[in-house]
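The values are calculated or read from the model by the stated rules, or taken from the named source; none is laboratory data. Here the structure is a predicted model, which means the values were calculated and not measured. Neighbour counts run over all protein chains shown; Cβ positions are idealised from the backbone, glycine included.
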Amino acid sequence: MTEVVTNPTPPILHGPSDKEKKYDRQLRLWAANGQQALEDAHILLLNSGSGTVGVETLKNLVLPGIGKFTIADDAVVAEADLGVNFFLDEESLGQSRSERCVNFLQELNPDVKGEHFPKQEGDNIEKLLGYGRQYTLIMYSLPIEPYTLALIQQYGQQYKVPLVSIHSAGFYSYFQIHLPGCFPIIDTHPDSTATTDLRLLNPWPALSEFTRNLTKDIDNLSAHEHGHIPYLVLLLYYLEKWKESHGGFPSTYGDKKAFREFVSEGARTDNPEGGEENYDEAVAAVLKTVSEPSLSSSVKDVFEYQPTAEESDSSFWIITDAIKKFYGKHGELPLPGSVPDMKAQSSVYVELQNIYKVKARQDVAEVLETVRQHPRGKEIDVNEVETFCKNAAFVKLIHSPDSSADTLKEITGMFDEQALLTMMPLSLLPIYLALNATSHVPSASTSEIIATISKTVPEACSDPRVVQAAEEVARANGGELHNISAMIGGMVSQEVIKIITKQYIPIDNTCILDGITSRTQVLRI
Amino acid sequence: MLRDRFNQQSLGVPLNTMVKEARILMVGAGGIGCELLKNLVLTGFGEIHIVDLDTIDLSNLNRQFLFRQEHIKKSKALVAKDAAHKFNPRLKLEAHHANIKDPQFNVNWFRGFTMVFNALDNLDARRHVNKMCLAADVPLIESGTTGFNGQVQVIKKGQTACYDCTAKETPKSFPVCTIRSTPSQPIHCIVWAKSYLLSEIFGTSEDESPELDHSEDSENAQEIEKLRQEAQALKLIREAMGTESFPQLLFDKVFKDDVERLKSMQEMWKTRKPPRPIDYSSTVQEVADAETRKSEILRDDQRVWNLHENIVVFRDSLKRLSRRLQSMKSTSDLDAAEPIITFDKDDEDTLDFVAASANLRSIIFGIETKSRFDIKQMAGNIIPAIATTNAIVAGLCVLQSFKVLRGDFSSTKEVFLSPFAPERLLSSDRYREPNPDCPACSVAQTRVLVDMSRATLNDLVEDFLRLELGYGDEFVVNTETGPIYDVEETENLSKKLKDLGIKGDSFLTIIDDDDENPRVNLILNVQEATTDLEDRPIKGLDISGSPSADGDRPASPIPRKRKSAVESNGQGVTGIEEVHPMANGIVGIKRTAEEALGHESGEAKRPKTTVNGANSANGTSVNGEHGSALIIDDSTDGAIVIDDD
């Protein structure tokens, strides 16, 4: 490590473009609005145990530029810390662990503010949490005092702040995300092939007219023109013809297969290639694009959810309401407006793109008008409405599970059954059970761990894999392996970024790592 | 010992001791490298060598945490070493600010390591290290990341698949005529600006650009000839650099006159929209207005500039580059090569010039214009990169290293990050077996000790290959640059090897042309003998022939090629996809993990045909072992995805 800068004066970055340069590689993942969300965030880490995993997680959040972080940690740096924590050095021995770690972490990025806690005698957890809604997200490492945990959970409840717990011991680790109530995500970054929405079965007038113009003399077009009709125009044209002769659109799988045949018969084969690429594209697209619009289960879930009075005042639910109305009226969601690559003359392709863009803009305008009628609607940014409309088919709501002994019992009852039936790798639940049993003690013997597990899920105690996991946790004796903590720290920070930027879908809700086999598993616990 | 307590507890004494005694080579000290070095140091590895030829850039600092603002332009290897050393002064660390392909890093040097970690950002260096590790028979842990995706693989000669066991996609290229005459996508205009315009004005000639595909040239001979003349005329204009009229001359040439000529070729525009030249004089007023907002425009990275703004940026960046080139010329030595400016995505002047020129050309051809931010990604083949992914991948590398230390290659895994699979964040697959047709690892390898003062090609061909190794009449000897011997090309036989360009650390490939039962290719790593070899001028180090019992020829120690994918010499069969039971109980064909990740992983990227609009790499596929859908979204718009730097 380089020397501690006691009074960190950030090297001057030259204007906004230097910052953009520094963050260039990540802006391509979450764009300027994601970056802004990170820069507005304040993250609290309650550190305990051997204290590495939380600091490793923070490192990956300081680097991309979160606004501020606070480390609360009572520990004083000991020799063993130096062997496992990269953000401490020889000079740190005997000093406040939180203060030393904050200093080192802050060096990583002068744009980030860091605070340590406690600062003076008498500073306690009540004080730390006593300033109202100050933190965007709280992470705490296990083991933790039950009293402290209760206070954090209460804080999370009260201020709707996401909590993340992390436990790392020896080769084992897990982390768990506790989202407050319902957590909506608009920008889920769906696979771009999945977002294609061409409205082939219910084209609007401008699209139909465009199709008619391009195909009105289809049999007399030159070879070049015929071979460059965009495939989506071809599909619209043949769908219309199909409808004339069949009285409706192809709906069953069999129909679609026949329709595919019907389209391919239209291709000209009297050329050296013996076919046409645009027809090949059209045929390939039939099964995927010729379908009635339907709502995905995640959108239905959003539409059906009854937001609480408090929630319903947020822009997400106001826009959702407007989109629901839009859907009620038109039977479809606002058009995303993008057109995939296809073989076409560039001028035709550009025109086609414009037709989709214009329609998408009209849809946004309609939704916006409904939004504006809401008492709070005037405050909502038009960009937010646009983003929502564009992603409407992929919005997602995450409901945090009610963590209780019952759910754990339920999962435990069948954890390996599924795996044995399907020859899938065995569940990692035993690792979770063993680590979870040491949530409030620095270390424990195998029998103590088993005894704790038996209090919640007695039937698991006889399972040899649970016993084995308990032995491994006992062997680690509360100690972290740097490499495992660094790895799980990478995974936790990745999920924290998803939660803070409200982009991409975070895991739901527990991820267990077995470092011996390099495997992870996500369970809802 | 206290410091070591946790490692001792969890790794156990035997493994912890192996860790302490290991000698490690880490190639690359970038995104993965920084994380890896920290993990290696804290896991207690005894000796670590770091090789990286790169220097630190501002855009590294969002993830390469061993580096700070004040380290910009310094050697990554050296700064990383110092940072890690301060943390633990008892460690043995050595840094080389050098290219891993330099001759000092020869096979014998590689043999000195317990294992090698690749933390590289490019295909070429990866393949080189792969080859060296195979030749030295040292285990290699290979890794790469792209955005949220990443993968780790253990390579051990003869036991697991090597880096070259699957074909890697070559970077995308475009026909010359598409770039120069008939662009239809933004990327065409960007390649034009970068590989033609910028390099004609400030660099060398376009023909060296790997992005241009000349395979269709002969079909368009006339047009190609015209284009050649056009480029010649451009070179003349280059002479005017520095004069007041230069920007206008260049502008009129490439955005008006050349376009007029193209437009006049009516054949070309029968089915395409003809280009519209830009008349500079008609824009003067608006450009002057935009000029007053110049610094604001230049800051506007993510907004798409209009025609006049692009002209302002074009002129301004042209001025900056001209000035720079002239000052380079005035300070360079007379006998030194002519100074040039080449495209660098992090060099703002070249980026501005390419962005504005590309957009102006797009306007001419009615193609969508792009923001500088987007053009940077497309022109610079930028791969998104963040600390989180690198931290995970580096952790996985070290976990695999424990298995390598134990020599337990059969339990090594090929691990992929699957950030968008809801039920796990990693998917690990069993290692793959070597591909029997792999040009890199399904070959025989040996070192030969050569007395350079006297060894001739005949000594190699007759005495070593024929008599000692049992080769027949028909075989070819290749150096790294080409063949030096085959049955019909014998005039080199009397020449000394050193006169044929062979020196210490050279590689020779022997290809057996036996019709009946050819041997696998043999790779000879030439080692210069430092002491007298007594009787023979060439001596095999790792293999040698033994007289056969029942013939006059010695038995060959070089295995024969397999006739088909059928098992013949003890190696596993991997030409066939493995069959695995799927989650639903139905036996399905398992895709190799490579295929499951498709073109995203920095591995095995197949070319994708795209027709119009942007080219984006997307994959939706099924991961065999767990039967889970793995959906990857990677909208890199025509960028060639490689890995983190």
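Summary of computed values
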| item | result |
| --- | --- |
| Qualifying residue in the stretch B:108-116 (condition: within 14 Å of chain A (Cβ to nearest Cβ), within 30 Å of B:Gln445 (Cβ to Cβ) and not aromatic (Phe, Trp, Tyr)) | no |
| Of residues in the stretch A:496-510 being surrounded by 24 or more Cβ atoms within 10 Å (Cβ to Cβ) and modelled with pLDDT of 95 or more, the one nearest to the other protein chains (Cβ to nearest Cβ) | A:Ile497 |
| Helices (runs of 4 or more DSSP H) lying entirely in the stretch B:213-275 (those with 2 or more residues that are out of contact with any Phe, Trp or Tyr (no Cβ under 6 Å at 6 or more places or on another chain), touching a residue at least 60 places away in the same chain (Cβ under 8 Å) and assigned by TED's automatic domain parsing to the domain that holds B:Arg320) | B:246-251, B:258-264 |
| Flag for B:Ile311 being of a type in the set (A, V, I, L, M), at pLDDT 90 or above and part of a loop (DSSP other than H, G, I, E, B) | no |
| Odd one out for B:Val404 among (1) in contact (Cβ under 8 Å) with a residue 60 or more places away in the chain; (2) over 25 Å from B:Ala22 (Cβ atoms) | (2) |
| Output for the stretch B:369-384, where each listed residue is within 11 Å of chain A (Cβ to nearest Cβ) and polar (S, T, N, Q) | B:Gln377 |
| All positions within the stretch A:484-507 that are on the phi > 0 side of the Ramachandran plot and either among the charged types (D, E, K, R) or more than 32 Å from the chain's Cα centre (by Cα) (or both) | A:Lys502 |
| In the stretch B:385-408, residue farthest from the other protein chains (Cβ to nearest Cβ) [restricted to those that are surrounded by fewer than 24 Cβ atoms within 10 Å (Cβ to Cβ) and in a loop (DSSP other than H, G, I, E, B)] | B:Gly407 |
| Total residues in the stretch A:369-385, condition surrounded by fewer than 19 Cβ atoms within 10 Å (Cβ to Cβ) and assigned to a helix (DSSP H, G or I) | 9 |
| Some residue of the stretch A:14-34 being part of a loop (DSSP other than H, G, I, E, B), at pLDDT 65 or above and surrounded by fewer than 23 Cβ atoms within 10 Å (Cβ to Cβ) | no |
| Residue selected from the stretch A:35-54 under the condition within 12 Å of another protein chain (Cβ to nearest Cβ) and touching a Gly at 6+ places or on another chain (Cβ under 9 Å), by the criterion surrounded by the most Cβ atoms within 10 Å (Cβ to Cβ) | A:Val53 |
| Set B:Arg90, B:Arg63: member being in a loop (DSSP other than H, G, I, E, B), among the basic types (Lys, Arg), closer than 17 Å to B:Ile32 by Cα and within 12 Å of chain A (Cβ to nearest Cβ) | B:Arg63 |
| Restricting the stretch A:271-294 to residues that are touching a residue at least 60 places away in the same chain (Cβ under 8 Å) and not acidic (Asp, Glu), the residue that is surrounded by the fewest Cβ atoms within 10 Å (Cβ to Cβ) | A:Lys288 |
| Of residues in the stretch B:29-60 being in a strand (DSSP E or B) and touching a Lys or Arg at 6+ places or on another chain (Cβ under 7 Å), the one surrounded by the most Cβ atoms within 10 Å (Cβ to Cβ) | B:Ile50 |
| Complete set of residues in the stretch B:66-87 that are surrounded by fewer than 21 Cβ atoms within 10 Å (Cβ to Cβ), assigned to a helix (DSSP H, G or I) and more than 12 Å from chain A (Cβ to nearest Cβ) | B:Leu78 |
| Exclusive hit being free of Cβ contacts under 8 Å to residues at least 24 places away in the same chain and facing chain B (nearest Cβ under 9 Å), set A:Val522, A:Val492 | A:Val522 |
| Test: A:Ser192 is modelled with pLDDT of 95 or more and polar (S, T, N, Q) | no |
| Every residue from the stretch A:308-340 that is closer than 23 Å to A:Asp363 by Cβ and not in a helix (DSSP H, G or I) | A:Ser314, A:Gly331, A:Glu332, A:Leu333, A:Pro334, A:Leu335, A:Pro336, A:Gly337, A:Ser338, A:Val339, A:Pro340 |
| Any chance A:Pro293 is within 30 Å of A:Val395 (Cα to Cα) and assigned to a loop (DSSP other than H, G, I, E, B) | yes |
| Number of positions in the stretch B:257-280 that are surrounded by 16 or more Cβ atoms within 10 Å (Cβ to Cβ) and either among the hydrophobic types (A, V, I, L, M, F, W, C) or modelled with pLDDT of 85 or more (or both) | 8 |
| Qualifying positions in the stretch A:472-483 - within 31 Å of the chain's Cα centre (by Cα), at the interface with chain B (Cβ under 7 Å from one of its Cβ atoms) and either of a type in the set (Val, Ile, Thr) or not in a helix (DSSP H, G or I) (or both) | A:Gly479, A:Glu480, A:Leu481 |
| From the options A:Ala206, A:Ala194, residue that is of a type in the set (Gly, Ala, Ser) and in a helix (DSSP H, G or I) | A:Ala206 |
| Sole residue being in contact (Cβ under 8 Å) with a residue 60 or more places away in the chain and within 14 Å of chain A (Cβ to nearest Cβ), chosen from B:Gln159, B:Gln153 | B:Gln153 |
| Conditions (1) within 14 Å of another protein chain (Cβ to nearest Cβ); (2) assigned to a loop (DSSP other than H, G, I, E, B); (3) over 38 Å from the mean Cα position of the chain (by Cα); number of the one not met by A:Gly248 | (1) |
| Subset of the stretch A:152-162 (residues that are outside any loop (DSSP other than H, G, I, E, B) and crowded, with 18+ Cβ neighbours inside 10 Å) | A:Ile152, A:Tyr155, A:Gly156 |
| Count of residues meeting criterion [more than 35 Å from the chain's Cα centre (by Cα) and at pLDDT 90 or above] in the stretch B:475-495 | 3 |
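For every residue, the table says whether it meets (1) in the same structural domain as A:Gly51 (by TED's automatic domain parsing); (2) closer than 22 Å to B:Leu42 by Cα; (3) without any contact (Cβ under 8 Å) to a residue 12 or more places away in the chain; (4) hydrophobic (A, V, I, L, M, F, W, C).
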site: A:Val84; (1), (2), (3), (4): yes, yes, no, yes
site: A:Glu90; (1), (2), (3), (4): yes, yes, yes, no
site: A:Cys101; (1), (2), (3), (4): yes, yes, no, yes
site: A:Phe104; (1), (2), (3), (4): yes, yes, no, yes
site: A:Lys127; (1), (2), (3), (4): yes, no, yes, no
site: A:Leu137; (1), (2), (3), (4): yes, no, no, yes
site: A:Lys160; (1), (2), (3), (4): yes, no, no, no
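Yes/no per residue for (1) over 27 Å from B:Arg111 (Cβ atoms); (2) surrounded by fewer than 21 Cβ atoms within 10 Å (Cβ to Cβ):
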| position | (1), (2) |
| --- | --- |
| B:Glu414 | no, no |
| B:Leu426 | yes, no |
| B:Thr456 | yes, yes |
| B:Leu469 | no, no |
| B:Val477 | no, no |
| B:Thr481 | no, yes |
| B:Ile484 | no, no |
| B:Thr490 | yes, yes |
